[in-house]
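This report refers to the structure that appears directly beneath it.
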């Protein structure tokens, strides 16, 4: 028997603790870009920020604002969808995305189990559509010293985000 329910009753939960997996991607545009290849999420001087986040916030507050804004917007979009399942689903989907130096978020890959693939085959398109409706995003920044001058330069970063889906 198939059960139809909104995603809100599905108890959809985003766990943003894995944003520690942010790593800049390699770029060969300049010497400073080569230096930035080894920058990790934890060493960014400013996290990627949505338009509602203040760049003058403390670093932890910036990260919380980024994560909360991402979660709130994804959840708001997904909660409006109707999903039909024939079995109980209690599984994790891993979203891999990149935030470019221009602040463009791209969903690179979605890792999901065969059960999720079978029970919610249109999940990829729902996630892509939800991410397209995010507010404006500004790239993470890293301070780079060139001679006597230091400047903040945008950095391309990648993140893995676990999405737990429970449907009964």
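Dimensions of segment 45-109 based on its C-alpha atoms, expressed as ranges along the principal axes with the largest first, amount to 48, 21, 18 Å. Listing 77, 132, 117 from fewest to most neighbouring C-beta atoms within 10 Å gives 132, 117, 77. Each part gets one Cα centre, and for segment 129-155 versus segment 70-106 those centres are 23 Å apart.
Taking other C-beta atoms within 10 angstrom as a stand-in for reagent exposure, 53, 65 fall in the order 65, 53, fewest first.
None of the figures in this text is laboratory data; all of them are computed from the coordinates on show. None of the values given here were measured: they were computed from a predicted structure. Please note: Cβ atoms are built from the backbone with ideal geometry, for glycine as well, and neighbour counts cover all protein chains shown.
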